[in-house]
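Here's the structure we're looking at; comments come further down.
Just so it is clear, none of the values below were taken in a lab; they were calculated from the coordinates. Note that the structure is a prediction, hence the values are computed from the model and not measured. Cβ placement follows ideal geometry from the backbone for every residue including glycine, while neighbour counts extend to all protein chains displayed.
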Amino acid sequence: MPTNVLTLSVLVFLPLVGALLVAATPSKAVGLQRGVALLATLAVAWIGVVLCLDFDGSTAVIQHAENVPWFTLPGGVDVRYRLGMDGISVLLVGLTAILGPIVVLSTWGHIHQRVKEFMIWLLVMQTGMLGVFLSLDLILFYVFWETSLVPLYFILGIWGGERRLYATIKFFLYTFAGSVVMLIAAIWLIWTTNTTDVMRLLDVAGALPVDTQLWLFAAFALAFAIKVPVMPFHTWLPDAHTEAPTSGSVILAGVLLKMGTYGLLRFGIAMFPGAALEAAPWMMALGVLGIVYGAFLAMAQTDVKRLIACSSVSHLGYVVLGLFALTEAGLRGSLLQMVNHGLSTGLLFLLIGMIYERRHTRALDQYGGIASVMPFFALFLVFAVLSSVGLPGLNGFVGEYLILLGTWQASPWLAAIAVTGVIFGAVYLLMATRKMLFGPVVHSENRALNDLNGREIGLMLPIVALCIWIGVQPNVFLDRADGSLQDVLSRLERARAARTASVEIVPVHRLEIEPR
Amino acid sequence: MSSGLAQLSQATLDATGPFLALAVGVLVLVLVEILPALKALRSTLFLATLAAAAWAATRTLFGPEISAFDGTYVANSTTSWWALLFVSSTLIAWVFGRRYYREEARLEGEHDILLLTAASGMVLMAGSRDLLVFFVGLETLSVPLYALSAFRRSRSESVEAGLKYFVLGAFAAAVYLMGAAFVYAGTGTITLDGMLARSDLLQGPLALTGVAMLVGAIFFKISVFPFHLWVPDVYQGAPSPVTTFMATGTKAAAFAFLLPLSFALPSQSAGFIAVIALLTMAVGNLGALVQTDMKRLLAYSGVAHAGTMLLAIAGMFEDPETGATSQAILFYMAAYTFTAGGAFGLVTMLESQTGLPVTIESLRGLSSKRPGVAAALALFMLSLGGIPATGGFLGKYLIFSVAVRGDMVLPAVIGVLLSVIALGYYLRIVIAMYMQTELEGRPVPTESRPVSAAMALACAGMVIVLGVLPGWFLDNVR
């Protein structure tokens, strides 16, 4: 494989080059702009897949690494341009790369104004997201992390719905507020440890006293928790999702939120294992709270897009729960569920976007009996819903099962509560599906709707294929993460041992939540 | 102090090179004003003067420190960088002011002379290590600025700005002189080296009061709470090119001297300075949040930025990395000069095209009519807000690093949270330009101005270079 040319830098910056090419096109040439954007994202998808396939999952060693000097901070801290792929990032990089062309294709239907600008922001966004997952220098990571706010801010603010300005400001300020606190923690960490190398930080930060780790963990976790979003910080998400254009929602649900869970794993659990052990019960509780609360929120929605946004809160609650179970099954399940959620929720948003383009409403009661008018649409929607609720044989099942298994090992009580979320999830999603698809056609406007066209079906097929593939052969994907997850687990084990050694009284098992 | 031509050795010439270049340029331009035949050369001579000053500054950029006039004036790497910054700031203000003046167009020669004189004052301020030399620089800067603020003499708001600035500035100058007198009475010296050498005397009540008064007067110039009240009115009323110059250059010059002066402060004052810095950030950001006029908004934002930089001075006392504060402030100020210079410059350009003050409302729909202008202004807003990949981010990073290392973690956290408020109004400007449609009856000017556009592009380029490839700058600033 020609991986000597296909480097991570090419992967990360190819979308940016695409954006510059789009910028160079004449503003009226909409077709050309779409074409360039599609070609660029297809190339990115191809390179991304090639790099992810050329990856050995049995080891935690950083692969495809790049390391170039960047600049020096006072005190002689060498900030370097460090990129690299490991088991934690490989699946998410693949997801980001594959969703690119799908999102570009989906804009054919709903972006008709200022296409050029849209394509530019979309491509810049992809550079930002890939950069977040691939940078292994703390400052480089932060640069990508915050820069990736800007494109979504424009996508939401220019092409969003009625209350887009409110939603976009809320989204930006909320996430920015979280990030700046992380910045101060990062400054402190870099000063104390004299390095910005993430791999080196994993070792030295894990050796800091637990009290110190807890402060740092809190600051980092806050930024990530807002991004995920974990329960009390979730209010920006339904607004952002509801107002965003379809493609914005797909990116938001598909990749952007995963930046938060990715951060929790790499910069929360792996970097501060001692603190993660202390904080795990609380984070798990927040995860469960998110699962149940998100499900109840979703049940109360009449706007179908908002419903899916709330279901995201619920589904990401699982990911947080699985991560902080701090067990092998939990971590594996969470990592897989990040990808699953990106696929199935992305698919749901795509479908909602497609019907919105035809009917221009998202109110559930405006639909009914769509299955008889748009059979292909119904087929895909049912598939997406079943994948989302975790039907065995599809992707969601594997992830949820592993998470629940991991949680059970840590805390049976929380697993029991979390399981109710699975039921609620099935209730609200299936009820919404019934209201939309089945029964008689009540509204005459619905009779004349056209079914999905070739482009729409075509762009969804790769997602469908992946959903099935993950459902049937999850190990193909899970194995890639194995080496790195084992590394995280061994760090946790060391922290656990250090904790037991320092505590005189025989401790209750770390991960048991004591019933109060 | 001994004086005389004998002292004007090669070293002294090197040390005062940038100042001399500017001063000679001023005299030449005055001559040109008298001889109508040479008026066509005015712009060329102006630019040549700046180029000469910049060249003179680069001569001392990498060399050892040169001390002149019995240690009352120095030239080293830091002062040379400052001088380059002042030259850039003057150039930005001058270029954007090219077609700004209408009624006063025939007086543009005067304008240029005043601008250069003020720049020479800045250079003097940055290099001075003596309270009186600094005062000479301060007045060489301030007096031309008073005149420049009132330069549009037919407009009441400009005259008002000039008068306000003059009255308050004169008051600050008086406070400064009184402070210098107290320091002299308490320590028997007015050189910074002398003051530091007698640090025991510096702790006495008389000298301490004196230092506090000096710092207060400088706080006035850098617009720190509670001495910031003049800023919005003067920035708004003064001609926009002058505002551009004031916002970037004056602040930089005052900081350039505040840095060495703050070594004379007792280290217990760190907490006090941190509180003032945070209050300045709060006042600036909250004040800017409710503004509708762009110049006023940027004025308040400038107050907030001064507060941010002051936080580094608060952290300096405990920071184990010597020189990091000066590096951080220099970098921050460089990023700010190009960012705010570009932003004020574009406001100047739009204002001179419509003849109306630029408000947030008037920027609506700018992205469709003037995509380049809107993109540059959006970039400047993001840099002012400290979003990465711009110079503003790295500046913020360096400043807060000093604060964190200086045992100021809590003030640093409060500070960054205050900077979130700032994003609130920077984003409003971006929203108006990109996400709202043009207002009826306020058409966006579409005529292009190549010279201003080139300057804006250069500023934008610098903002990105400082954010993405800061190495060449950081490695050479200590």
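Structure data summary
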quantity	calculated
Sum of -39500 (n - 2.57) over DSSP H runs of 4+, divided by residues of chain B (222 nm, nearest 500)	-24000 deg cm²/dmol
Extension gain (nm, one decimal) between B:R106 and B:E440, 0.36 nm per residue minus Cα-Cα	116.7 nm
Helix axis angle, A:8-24 relative to chain A longest principal axis, alpha carbon, degrees	40 degrees
From phi via Karplus (6.51, -1.76, 1.60), per-residue ³J(HN,Hα) for segment A:196-206 in Hz, x at Gly/Pro	10, 6, 4, 5, 6, 4, 3, 6, 6, 5, x
Ascending count of other beta-carbon atoms within 10 Å, so fewest first, for B:D407, B:D475, A:D54	B:D475, A:D54, B:D407
Label point distance in nm, A:V17-A:W215, each placed 7 Å from Cα along Cα→Cβ	4.5 nm
Three-way shape label, chain B, alpha-carbon gyration tensor, a/c 1.5	oblate
Within chain A, longest stretch clear of exposed GluC sites (Glu not before Pro) (DSSP loop, no more than 14 other Cβ within 10 Å)	A:163-503
Net dipole in debye of chain B [+1 Lys, Arg Cβ; -1 Asp, Glu Cβ; about Cα centre; nearest 20]	920 debye
Helix-only [θ]222 nm of chain A, DSSP H runs n ≥ 4, -39500 (n - 2.57) each, per residue, nearest 500	-24500 deg cm²/dmol
Full-stretch length increase - B:D200, B:E33 - with 0.36 nm per residue and alpha-carbon distance subtracted	54.8 nm
Cβ-Cβ FRET estimate between B:L457 and B:L47, R0 fixed at 22 Å, reported to 0.05	0.80
Peptide B:371-384, shielding by other chains (average Cβ, 10 Å cutoff)	1
DSSP-assigned coil residues among trypsin sites (Lys or Arg not before Pro) in segment B:33-106, each with at most 10 further Cβ atoms within 10 Å	B:R102
Segment B:380-435: C-alpha gyration tensor shape, a/c 1.5 cut-off, then a/b vs b/c	oblate
Sequence of A:H110, A:H234 once ranked by neighbouring C-beta atoms within 10 Å, starting from the fewest	A:H110, A:H234
Backbone HN-Hα couplings from phi across segment A:218-234 [Karplus 6.51/-1.76/1.60, Hz, Gly and Pro as x]	4, 5, 5, 5, 4, 4, 6, 5, 5, 5, 4, x, 7, 2, x, 9, 8
Ranked list, fewest to most other Cβ atoms within 10 Å of each Cβ, for B:I387, A:I62, B:I34, B:I66	B:I34, A:I62, B:I66, B:I387
Candidates per chymotrypsin sites (Phe, Trp or Tyr not before Pro) in segment B:47-81, loop by DSSP, up to 13 other Cβ within 10 Å	B:F62
Shape category assigned to the protein assembly as shown from the gyration tensor of Cα positions, a/c cut at 1.5	prolate
Shielding of A:164-177 by partner chains, average beta-carbon count, 10 Å	3
Charge sum, other residues only, whose C-beta stays under 15 Å from A:T345's C-beta, Lys/Arg counted +1 and Asp/Glu -1	+2
Where labels lie 7 Å past Cα in the beta-carbon direction, separation of A:V472 and A:R494 in nm	4.2 nm
Radius 13 Å from Cβ of A:A218, net charge of other residues (Lys, Arg +1; Asp, Glu -1)	-2
For residues of B:426-439, the mean tally of beta carbons on other chains within 10 Å	3
Size of charge dipole - the protein assembly as shown - debye, nearest 20, with Cβ of Lys, Arg +1 and Asp, Glu -1, no other charges	2000 debye
Amide H contacts of A:A65 (H built 1.01 Å from N, under 5 Å, at least 5 apart or other chain)	A:M85
